[in-house]
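All remarks here apply to the structure that follows.
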Amino acid sequence: MRVISPSLLSADFKHIQKDIEIVETAGATRLHLDVMDGHFVPNLTFGPFIIHFIRQCTSCHLETHLMIDNPAASFDQYIKAGSDTIIFHIEASGNPLEELKYLKSNGVSAGIALNPDTDINKIVPLIDDVDYLLIMSVFPGKGGQSFIRSTLDKMRSAVTIRENRNITIGVDGGVNLSTINEVFATGIDVTIVGSGLFNSDDISTRFQELLNA
Ligand code: DX5
Ligand code: ZN
């Protein structure tokens, strides 16, 4: 069964509660929250203040994707805001192993993201401490970018490296009706979909189309 995690970055924040209800009613069990700090990536989005209110709108599993420098300094705020999984970038982390352990010991799933040009083998020393591995299929920073096809190999490598460990592998960026089949064919578990979902006039139907593509 495919798992699609809608990225609220492409939802309409004028009525975010309504868009959340639409995707939840359509069958979404996870939501993807893109936090950008204007430093690690040029754009600035939202932080724990907004996530706290999103938490009150939904019972979905909230995966918070931190595209921020020095992520560990903010972990406590994102835990308190109600995140179920916290994903930080290996490229931004001072001590990924310790940071993964800190998240787990504080009751959230520990996630790590890899940029398209980061070697997948960097995950090997961390593999027994990761709950969620996010393969970026675009360079982080904004929604609506084109899928980078060379990351398909990295997805297959991630599935191999995981072996039978209880790790969820997600793919983030440029996943839409044209690319979703190839992405799931690699054996990964979750696709993040932003513009490919929320740009539709009928979000609920699009969610089903993505599931059944
Ligand atoms: C990119 C973000 C993604 C983004 C995905 O920096 O991490 O989660 O919202 O958007 P789409 O699906 O439009 O590529
Ligand atoms: Zn993301």
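The values are calculated or read from the model by the stated rules, or taken from the named source; none is laboratory data. Not measured: the values here are computed from a predicted model. Every residue, glycine among them, receives a Cβ derived from its backbone with ideal geometry; neighbour counts consider all protein chains shown.
Computed values, structure above
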{"item": "Within region 164-173, tally of residues that are in a loop (DSSP other than H, G, I, E, B) and under 16 Å from ILE112 (Cα atoms)", "result": "4"}
{"item": "Which listed residue, of ILE127, ILE148, ILE161, is away from ligand 2 (no atom under 12 Å from the Cβ), over 29 Å from GLN77 (Cβ atoms), assigned to a helix (DSSP H, G or I) and of a type in the set (Val, Ile, Thr)", "result": "ILE161"}
{"item": "Condition check for VAL35: modelled with pLDDT of 95 or more and either within 21 Å of GLY141 (Cβ to Cβ) or part of a loop (DSSP other than H, G, I, E, B) (or both)", "result": "yes"}
{"item": "Residue that is nearest to ligand 1 (Cβ to nearest atom), among those in region 67-81 that are without any contact (Cβ under 8 Å) to a residue 40 or more places away in the chain and touching a strand residue (DSSP E or B) at 6+ places or on another chain (Cβ under 6 Å)", "result": "ILE68"}
{"item": "Unmet criterion (only one of (1) away from ligand 1 (no atom under 16 Å from the Cβ); (2) more than 22 Å from SER10 (Cβ to Cβ); (3) not in a helix (DSSP H, G or I)) for LEU133", "result": "(1)"}
{"item": "Enumeration of residues in region 192-203 that are away from ligand 2 (no atom under 16 Å from the Cβ) and either more than 16 Å from ILE16 (Cα to Cα) or more than 20 Å from the chain's Cα centre (by Cα) (or both)", "result": "SER200, ASP201, ASP202"}
{"item": "THR118 at pLDDT 95 or above, more than 13 Å from ligand 1 (Cβ to nearest atom), under 30 Å from MET1 (Cβ atoms) and in a helix (DSSP H, G or I)", "result": "no"}
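Here's the yes/no breakdown for (1) within 15 Å of ALA11 (Cα to Cα); (2) buried (at least 18 other Cβ atoms within 10 Å of the Cβ):
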position: ASP172; (1), (2): no, yes
position: GLY187; (1), (2): no, no
position: ASP202; (1), (2): yes, no
position: GLU209; (1), (2): no, no
position: ALA213; (1), (2): no, no
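Residue by residue, here is whether (1) surrounded by fewer than 19 Cβ atoms within 10 Å (Cβ to Cβ); (2) outside any loop (DSSP other than H, G, I, E, B); (3) not charged (D, E, K, R) holds:
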| site | (1), (2), (3) |
| --- | --- |
| PRO6 | no, yes, yes |
| ILE50 | yes, yes, yes |
| ALA73 | yes, yes, yes |
| LYS104 | yes, yes, no |
